[in-house]
């Protein structure tokens, strides 16, 4: 069986396949600890080569998810907090490939229930 390939066709497909094969998913280096005051967490996430506009940082009281992209790399990482945090207090900064963040611990709910003593 013989097949005819038109000139100029097929090269685009090869380029796409090469790009797909060279794209990588990497878990960025990640450091987190309780801040000096003991009131929350402070963290650092290394995202070399990532533009600020391509970073997504999402957080709820139990975990955070970070995503960032370069031309050839997708950075993806999630982290579960040991103590609940208040995402409304979160602040982040990104400079020269290093994303830092601070977030305060969530105030404990002190709901009490009366219990009958028999």
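No value in this document is a laboratory result; all are computed from the given coordinates. In this text the structure is predicted, and so the values were computed from the model without any measurement. Here the Cβ is made from the backbone with ideal geometry for all residues, glycine too, and neighbour counts use every protein chain on show.
Scanning the stretch 94-109 for residues that are over 30 Å from residue 49 (Cβ atoms) and in a loop (DSSP other than H, G, I, E, B) turns up 106, 107, 108, 109. Tallying residues that are under 19 Å from residue 81 (Cα atoms) and either outside any loop (DSSP other than H, G, I, E, B) or touching a residue at least 60 places away in the same chain (Cβ under 8 Å) (or both) within the stretch 23-32 yields 3.
How do the strands (runs of 3 or more DSSP E) wholly within the stretch 33-93 filter down when requiring 2 or more residues that are in contact (Cβ under 8 Å) with a residue 24 or more places away in the chain and closer than 24 Å to residue 23 by Cα: which remain?
Values: elements: 40-46, 56-59, 63-69, 73-80.
Here the list reads 40-46, 63-69, 73-80.
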